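The values are calculated or read from the model by the stated rules, or taken from the named source; none is laboratory data. Note that this is a predicted model, so its numbers are computed, not measured. Cβ placement follows ideal geometry from the backbone for every residue including glycine, while neighbour counts extend to all protein chains displayed. Accessible surface is based on the protein model in full, side chains and every heavy atom, while ligands, DNA and RNA are left aside. Shrake-Rupley method; radii C 1.70, N 1.55, O 1.52, S 1.80 Å.
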Amino acid sequence: MSTSRRSFVKGLGAAGAVLPAVGLLPGRGLAEDAPPADAAAIDWKQFAGQTIALSGAIHPWSNAIAPLLPEFTILTGISVNIDFQLETTYLGALPIRLARGSSTPDVFMFTTYGQGISNGWLEPLNGYFSNRSLTDPAWYDESDLLKTARAFPLWSDGERYAVPITSEAMTLFINKEALAAKDQPLPQTFEELLAAARAVKTNGMSGITMRAQAGGNSSPPAMGFVFSYGGAMVEHNRVAFASPEAIAAVEMYGQLLSQAGPAGVGSYEWYNVLDDFLQGRTAMAIDSSNFATDISNPAKSRVAKQAGFATFPHLAGRGPVPFMSHWQACINSKSRNKRAAFLFLLWATSKATSLRTAAAGLATTRVSAWSSEGFKTAFGSEAAEAALTNLQNADVDRAKAILFHPQSRPILDAFMIGVNEVVSGAKSAKDAMTGAADRANAAIRG
């Protein structure tokens, strides 16, 4: 599954961005030529002395950007106070803070885009991008962004309220040794995945691990099942996961975890999934492609040498449609330091900064960073190719339909309560999804 430079760059183009017309020299990636911040036609010091508050989840992006913040302060004279929390804690607390009209944080990681826009929490950004005192378009070069990253933040009226900061898609992780010990090939379809998971499960190792906690934050892997079975989460402002396709998808999800998952999987969040795989307690897992950096790091992973990365499974006769997303960063509409906050977002997502964060293993939104040697070394060529394939196979519109819905949080919560009921055996997939859809549609009407 390893890739040559030529096939890898071809994959980048298929992911939606045309590479600049320059050659790739052996040992060098395009991003090594990224123009530094001081090459931009911007007065970086125009807001010197201001302080902005940056909030987010403990996440590969926050881990990658935090060590670089002193450089931003030297460049701009703007200080950055950070507050990074566990993801579930952060996502629960942030809407409460914004709803109270707090002027901080100035900049924050965000996922519930529709809720933020409908409630007026997010600052519109098109005017900042068009302001030549704040943006140098040639230096920033939006054509270098993956197509999904260019399309993702666009609201229905063409306005942007966010800047994408990461790229991720649900990916299949495998312990090659565990599968080989049972003569199991790499699963391609869901049925093959179920058969392999059953075959490799032992008293000390689960066959597969995925999120199943009864909360919306656990929904990404299960949504990929729904999409791959031909279903959707939301259609025409109505919840759609009581469809026959979605019910069949959740039934398969439940079979995998109830028959081959770990004990207590009903309480699993992403960090439980990652830890199980790192410690060799599961033969397979499905979750964010961004796990690759930790999985491939021998200092963190007991399975670094035998870990494999693969495309999302598919239903026989259908192509895979994994859930994909871009974490986004937004500016608080009540911030007192909006222009300083925008300069931070511009710097943090520029070519030069993306090259630095990519070298730390972050899957950025930049084609040039994905093609760099630093990224492929930190992330791994096999993992990068799998992530790109899954990004290419994803359906941005289906992902945006749920993520950008104003009631996305209660919809996702209802969905995962239903999934949890199936995984635990409390209800059939049909009963669980029908009840979940009724609850979610009531929330929309309310």
| message | Checking the a/c ratio against 1.5 first, then a/b against b/c, what shape does the Cα gyration tensor give for region 242-339? | response | oblate
| Debye, to nearest 20: dipole size of the chain, +1 on Lys, Arg Cβ, -1 on Asp, Glu Cβ | 180
| query | Hey, what's the chain come to in accessible area per residue, 1.4 Å probe, Å²? | reply | 38
| request: Could you rank the peptides 428-438, 76-86, 386-396 by their average count of other C-beta atoms within 10 Å per residue, with the highest value first? | output: 386-396, 428-438, 76-86
| query | Between Ala180 and Arg445, what FRET efficiency comes out of the Förster formula 1/(1 + (r/R0)^6) with R0 = 35 Å and r the beta carbon distance, rounded to 0.05? | reply | 0.10
| request: Summarise the accessible area of the chain (1.4 Å probe, protein heavy atoms) by the percent that is carbon and sulfur. | output: 51
| query | If we sort 228-239, 158-169 on the protection proxy, mean other Cβ atoms within 10 Å, highest first, what's the order? | reply | 158-169, 228-239
| query | Relative contact order, percent, of the chain when contacts are C-alpha pairs under 8 Å separated by at least 6 residues? | reply | 27
| said: Helix-only estimate, please: 222 nm mean residue ellipticity of the chain, summing -39500 (n - 2.57) across DSSP H runs of length 4 or more and dividing by its residues, to the nearest 500. | reply: -12500 deg cm²/dmol
| note | A student applying the Cα gyration tensor rule (rounded when a/c is under 1.5; otherwise prolate if a/b is larger than b/c, oblate if not) would label region 66-179 rounded
| query | Can you list the lysines whose alpha carbon sits under 21 Å from that of Lys182, skipping same-chain ones fewer than 8 residues off? | reply | Lys201, Lys305
| message | For region 55-84 and region 314-328, what is the centre-to-centre distance using only Cα atoms, to the nearest Å? | response | 31
| said: Can you tell me which lysines have their Cα less than 26 Å from the Cα of Lys45? Leave out same-chain residues fewer than eight positions away. | reply: Lys334, Lys338, Lys351
| remark: Distance in nm between Lys430 and Thr377 label points, each 7 Å along Cα→Cβ, equals 5.7
| query | Under the Karplus relation 6.51 cos²θ - 1.76 cosθ + 1.60, θ = phi - 60°, what is the ordered set of whole-Hz ³J(HN,Hα) values for region 216-232, x standing for Gly and Pro? | reply | x, 5, 8, 7, x, x, 5, 5, x, 5, 4, 5, 6, 7, x, x, 9
| request: Among the aspartates and glutamates, select those whose C-alpha is under 15 Å from the C-alpha of Lys430, and discard any that sit fewer than 8 residues away in the same chain. | output: Glu245, Glu251, Glu421, Asp438
| note | Those trypsin sites (Lys or Arg not before Pro) from region 27-131 that are DSSP loop and have at most 12 other Cβ neighbours within 10 Å turn out to be Lys45, Arg100
| message | Please give the charge dipole size of region 301-446, origin at the Cα centre, charges +1 on K and R Cβ atoms and -1 on D and E Cβ atoms. Round to the nearest 20 debye. | response | 640
| message | I'd like the FRET efficiency for Lys305 and Asp395, computed as 1/(1 + (r/R0)^6) with the beta carbon distance as r and R0 of 25 Å, rounded to 0.05. | response | 0.15
| query | Can you give the relative contact order of region 145-302 as a percent, counting alpha carbon pairs under 8 Å and 6+ residues apart? | reply | 30
| field | Shape of the chain, Cα gyration tensor, a/c cut at 1.5 | value | oblate
